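Here is the structure we will look at.
The values are calculated or read from the model by the stated rules, or taken from the named source; none is laboratory data. The structure displayed is predicted, hence computed values, not measured ones. All Cβ positions, glycine included, derive from the backbone under ideal geometry; neighbour counts span all protein chains shown.
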Amino acid sequence: MRKKIFLMSTVSLGILLFSGAALYEAQSKSTTANTNVKTHRVVKKHAKQSTKESKKKFQNPKRYYQVQYQQIKPDGKIGYTVKPGFEGIKTYKIMKRLGTYNGYNKYNSTTYNAVKNFQRRHHLKATGDVDQKTWNKLGLKPSQFKSIDSYVAPTTKAKTRWGHIEAMIKQAYRYKGNPYLVGSSSNPSYGTDCSGLVMQSLYAGGINPAPISSIHHAYPGNEWNSRNLFASKKFKHVSYAKKRRGDLIFYYQPGTSTIWHVAIYLGHNKVIESWPPKTMVSPIRDAQRSDIAGVARPFVD
């Protein structure tokens, strides 16, 4: 009798233990399932938040230049050959080296002939054009033949309209005090001209005004990119009375209806501009350039 009772007790205990283990396993599976569901919900929530945050990045209306959030790459060939009619920093360096610079860095006939004579003396093909070989032989730094062309202001990571405007203005200030050089738009260690300054500043703010390009700026016919910028319909043109910090101010040549200058408005009737002899902060109007043609807004609210 005692054996039966003991046997029954042992069996009952086994059943209880088995039931308890089964219940624990079921509960564990339920807990794991619930945890997985919660984790999935959290991940999904964060994904939605990330998407929402990315949508918060400032963007212009579609009819205007679209704000870029990756590094801008202007149109043009890096390492172009310098020829008659070209301007820019490479022309300036060539003219300075050959002693033909007269205050205006345009590849003129005097420079062309000086290059040909130099090429003959150094057993190079006498083309009158400066390619990489002639550049190197002139004793100019070899890497600069391409690095002058390739420089593009770092594009801001800012997400707000105001952040883009401030990035543009900050880049312009990096040229402050540098000499005015026609057809130039490169590294802040060099000089620039009015539209060259504006182009690099726009790149920093996230605007690529293609086909207008910092590389092509040195090419013949592109020194007046202020006119091309003014003619672009991808900026919002506003009245002078509504000008704001970060707008572009365009000027007429006195007594004409021809665009000949552009500056960046800082507020309080001040602009930053490249104007002979250097890049500087100036009153929006002065004795040399007072005929304002219009105002263009790169970053539209």
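Does the range 112-129 hold any residues that are touching a helix residue (DSSP H, G or I) at 6+ places or on another chain (Cβ under 9 Å) and touching a residue at least 24 places away in the same chain (Cβ under 8 Å), and which are they?
Matches in the range 112-129: Gly128, Asp129.
Across the range 116-148, which residue is surrounded by the fewest Cβ atoms within 10 Å (Cβ to Cβ) among those that are of a type in the set (D, E, K, R) and closer than 15 Å to Ile94 by Cα?
That would be Lys141.
What is the one condition in (1) part of a loop (DSSP other than H, G, I, E, B); (2) within 24 Å of the chain's Cα centre (by Cα); (3) more than 30 Å from Gln59 (Cβ to Cβ) that Gly246 does not satisfy?
(3)
Residues of the range 156-177 being surrounded by fewer than 22 Cβ atoms within 10 Å (Cβ to Cβ) and either assigned to a loop (DSSP other than H, G, I, E, B) or at pLDDT below 95 (or both), which ones?
Passing the criteria: Thr156, Lys157, Ala158, Lys159, Thr160, Arg174, Lys176, Gly177.
So, Tyr180, is that one aromatic (Phe, Trp, Tyr), closer than 28 Å to Thr256 by Cα, in contact with a Pro (Cβ under 8 Å, 6 or more places away or on another chain) and buried (at least 16 other Cβ atoms within 10 Å of the Cβ) or not?
yes
If you take the residues of the range 220-241 that are assigned to a helix (DSSP H, G or I) and touching a residue at least 40 places away in the same chain (Cβ under 8 Å), which of them is surrounded by the most Cβ atoms within 10 Å (Cβ to Cβ)?
Our first condition is that a residue be assigned to a helix (DSSP H, G or I); within the range 220-241, this holds for 225-231, 240-241.
Then keep just the ones that are touching a residue at least 40 places away in the same chain (Cβ under 8 Å); that gives 229-230, 240.
Numbers: Leu229: 23, Phe230: 19, Tyr240: 12.
That would be Leu229.
For the range 185-219, which positions are assigned to a loop (DSSP other than H, G, I, E, B) and closer than 13 Å to Gln71 by Cα? Quick ask: steps written out before the conclusion?
Initial filter on the range 185-219 (assigned to a loop (DSSP other than H, G, I, E, B)): 185-191, 193, 206-215, 219.
Scanning the range 185-219 gives Gly206, Ile207, Asn208.
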